[in-house]
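So the structure is just underneath, and the comments pick up after that.
The values are calculated or read from the model by the stated rules, or taken from the named source; none is laboratory data. Small disclaimer: the values here were computed from a predicted structure and weren't measured. Cβ atoms come from the backbone with ideal geometry, glycine included; neighbour counts cover every protein chain shown. For the accessible areas, the whole protein counts, side chains as well, though only heavy atoms, and no ligand, DNA or RNA atoms are used. Shrake-Rupley method; radii C 1.70, N 1.55, O 1.52, S 1.80 Å.
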Amino acid sequence: MLGTIIIYGFINSSILVLVAMGFNLTFGISGVANFAYGAIYIFSGFLTWIFLNSLGINYLLSIFLTFVCTFLLGYLIYRFILLRVRGLSLSEVMATFGLGLAIMELFRYFDFVGVKYSLPVFIDGSVPIFGNYVDYQRLIIGIIAVAFAVAFYFFIHYSKVGLAFRAIAQDDVTALTLGIDPDRIGAISLALGSSLAAMAAIVILPLGTISVENGYEVLIDALAVCIVGGLGSSVGVIVAGLVIGYVQTLTANFFEPRWMILVSLAAMALVLVIKPSGLFGKQKELEERV
Amino acid sequence: MLTIRNLMVFYENALAINDLSLKVKEGEIVGVIGSNSAGKSTLLNTIAGLTLDLKIKERRKGGERITIMGRIDYMGENITDLLAVHRVRKGIILCRERHPIFPESDVMENLRIAAYLRSKSHLKRMVAYIFELFPALKDYRKKRAGFLSGGEQQMLAIGMALVAGPKLLLLDEPLLGLSPAMQTRLVSAIKDIRKSQGVTIIISEQFARPVLPIIDRGYIIENGMLVLSGTGRELMENPEVKSAYFGV
């Protein structure tokens, strides 16, 4: 029993961390809450499916093409939609939320519904860990989440773009005086955030079918993890992902799986009441953003 | 190197810079002296392109409060409408007032961020020079910049501006709020930067006394207007300057 909880709790946490990272990255750097995030998630799933099944492209290449397309999609959303309303938070939220709804409902309108819309697992089979058989896909999710967290740390601290991200997140005017263009970095942050949504979708979706509802659920999960962890904090995302992930697994084990969604909603509500800035969040002073 | 002709900057109806013209020659240290809200920061921000950037951001949001008129030439090129990022590429680097640093990053990371447009070898060379200029920073390499004292933060801010590769360095009130001892150290560092790096410097200050000895020429501005100009020595001996800007 304990083994089951440790393993599945960890995999569940990995899923939450993967899902939340992209949303968190964009918000932490450019301050844009990308409410089209869930739509981009299912867009990546359906796109990979189309490349794979309708166009007959091999799986690996389909995945690569999906990454390129979502990166471009994020970049274009920033350049053509968000740039006009930059700095007006409510307009940013409305623009991305509206766009997200449009994308998701278009998929429903064009009848992307049913069990045939599913992605193949990377490797078939399972492996025993602590007496539990864990399928390779879930194992891959755990490995990718850990590998990604490590790679992300090095990217942010040692690459030029990563350092520019850190600079813009702290003080965009000072960054500008050093030649870092906030609009370019903002667009890249949205593009990368979208690619991270694609990465999450491609490793997680093979566990089930791709449906429009996934988009809404993913947005709720990403929001819950980010709000609990503190918007914009990478450490916060990992800690909140682990906490919510394990509590969800415990809930599913001791109560019923259908109550799992309540855990993230309750955690979000609790944090908003007790510490609105989240576990690791720092509410930026108004003067810092001006 | 820099020629400003009939510059006017309005914030809505308030006139921040009023018909100001000035010239800076290559290799000079030029002082801009004026009291609070005289227009010093607006002048430096306008040279660096930040005022233009703000204007563009406001236009995007649908309202425009800022008007810039006049002409700015830098190294023989009209840069009046050039974006801030491109001005940085051309070597116009502004170090804003109140030590602009990234508080959550450590000292080395701040310097690495500042090298965004420059090569690794340039960064290495400048870091060696900065640690020679400000030995205190060397001991705090791994310390978070937000935990440094005001003077150390100012040293770091100047160091970052140097890493960014200036030909024209704009220092906005670098001595503000620092102890007299720290002011003396910074002033001699600024002198050294001109001498060893060949950088042209414009420095703005409220009080003339600490900077007058190192500037070649100075401009006194009041309410956005140029009221007096002259060499450092001329200004030092001017009784009006003495009474108004020497803090006596």
Notebook entry, point to check: Heavy-atom accessible area per residue, the range A:2-289, 1.4 Å probe: how many Å²?
Noted result: 44
Next item on the list: Holding the Cα-Cα limit at 31 Å, pick out from B:Lys120/B:Lys195; B:Lys57/B:Lys142; A:Lys275/B:Lys120 the pairs that are longer than that.
Entry: B:Lys57/B:Lys142; A:Lys275/B:Lys120
Next item on the list: Rounded to the nearest Å, what's the spacing between the alpha carbon centres of the range B:89-134 and the range A:212-286? Just the number, please.
Entry: 38
Checklist line | chain A: angle of helix A:89-109 to the longest principal axis, Cα-based, in degrees nearest 10 | finding: 30
Item checked: Gained length - A:Ile57 relative to A:Phe130, 0.36 nm times residue gap less alpha-carbon distance -> 22.5 nm
Check: With solvent modelled as a 1.4 Å probe, how much accessible area in total do chains A and B shield from it at their shared surface, in Å² to the nearest 100?
Finding: 2400
Notebook entry, point to check: Quick one: what does P(r) look like for the range B:1-93 with 5 Å bins over all Cα pairs, in whole %?
Noted result: 3, 13, 24, 26, 20, 10, 3, 1, 0
Note to self: Which residue fluctuates most in the GNM of chain B (Cα springs below 10 Å): B:Pro166, B:Pro174, B:Pro135?
What the structure shows: B:Pro135
Next item on the list: Would you mind getting me the FRET efficiency between B:Met75 and B:Asp19? Use the beta-carbon distance for r and R0 = 25 Å, nearest 0.05.
Entry: 0.60
Next item on the list: Give me the percent of the accessible area of the protein assembly as shown that comes from carbon and sulfur atoms, probe 1.4 Å, all protein chains in place.
Entry: 62
Notebook entry, point to check: Tell me, what ³J(HN,Hα) does each residue in the range A:50-65 have, in order and in whole Hz, if you take phi through Karplus 6.51 cos²θ - 1.76 cosθ + 1.60 with θ = phi - 60° and put x for Gly and Pro?
Noted result: 5, 4, 6, 9, 7, 9, x, 7, 5, 4, 4, 5, 4, 4, 4, 4
Item checked: Per-residue average of Cβ from other chains inside 10 Å of B:109-117 -> 6
Check: Solvent-accessible area per residue for the range B:2-245 at a 1.4 Å probe radius, Å²?
Finding: 44
Item checked: Average beta-carbon neighbours from other chains, 10 Å sphere, peptide B:158-169 -> 1
Item checked: Choice from A:Gly142, A:Gly74, A:Gly114 showing the highest fluctuation, given a GNM over chain A with Cα pairs closer than 10 Å -> A:Gly114
Next item on the list: Give the angle, between 0 and 90 degrees and rounded to the nearest 10, that separates the Cα long axis of helix A:212-229 from the longest principal axis of the Cα atoms of chain A.
Entry: 60
Checklist line | Compactness index (Cα Rg / 2.2 N^0.38 Å), chain A | finding: 0.99
Next item on the list: Name the residue, out of A:Phe165, A:Phe46, A:Phe64, whose mean-square fluctuation peaks in a Gaussian network model built on chain A with Cα pairs under 10 Å.
Entry: A:Phe64
Checklist line | Calculated P(r) tail over 26 Å for the range B:2-245, as whole % of Cα pairs | finding: 38
Next item on the list: Run the quick spin-label model on A:Val113 and B:Glu26: label points 7 Å from Cα toward the beta carbon, then report their separation in nm to one decimal.
Entry: 7.2
Margin query: With the cut-off at 19 Å, tell me which of the pairs B:Lys143/B:Lys191; B:Lys40/B:Lys90; B:Lys25/B:Lys191 have Cα atoms farther apart than that.
Written below: B:Lys143/B:Lys191; B:Lys40/B:Lys90
Notebook entry, point to check: Kirkwood Rh over Cα pairs of the range B:174-248 into Stokes-Einstein at 20 °C, 1.002 mPa s: D in µm²/s?
Noted result: 164
Next item on the list: Restricting things to alpha carbons, tell me how big the range B:142-214 is in terms of Rg and Dmax, in Å.
Entry: 12.1, 35
Next item on the list: Report, in debye and to the nearest 20, how large the dipole of chain A comes out about its Cα centre when Lys and Arg carry +1 and Asp and Glu carry -1 on their Cβ.
Entry: 220
Notebook entry, point to check: How big is the Rg/Rh ratio for the range A:121-268, C-alpha atoms only, Rh by Kirkwood, two decimals?
Noted result: 1.02
Next item on the list: Return the whole-Å distance between the Cα centroid of the range A:94-133 and the Cα centroid of the range B:168-211.
Entry: 60
Margin query: Report, to one decimal in Å, the Kirkwood hydrodynamic radius for the range A:1-65 based on all distinct Cα pairs.
Written below: 14.2
Notebook entry, point to check: So for the protein assembly as shown, Kirkwood radius off the Cα pairs, Stokes-Einstein at 20 °C and 1.002 mPa s: how many µm² s⁻¹?
Noted result: 83
Next item on the list: For chain B, build the charge dipole from Cβ charges (+1 Lys, Arg; -1 Asp, Glu) around the Cα centre, then report which of B:Ser149, B:Ile203, B:Ala38 sits farthest towards its positive end.
Entry: B:Ser149
Check: According to the square roots a ≥ b ≥ c of the eigenvalues of the Cα gyration tensor, what is the shape class of the range B:7-52, taking rounded for a/c under 1.5, prolate for a/b larger than b/c otherwise, and oblate for the remainder?
Finding: prolate
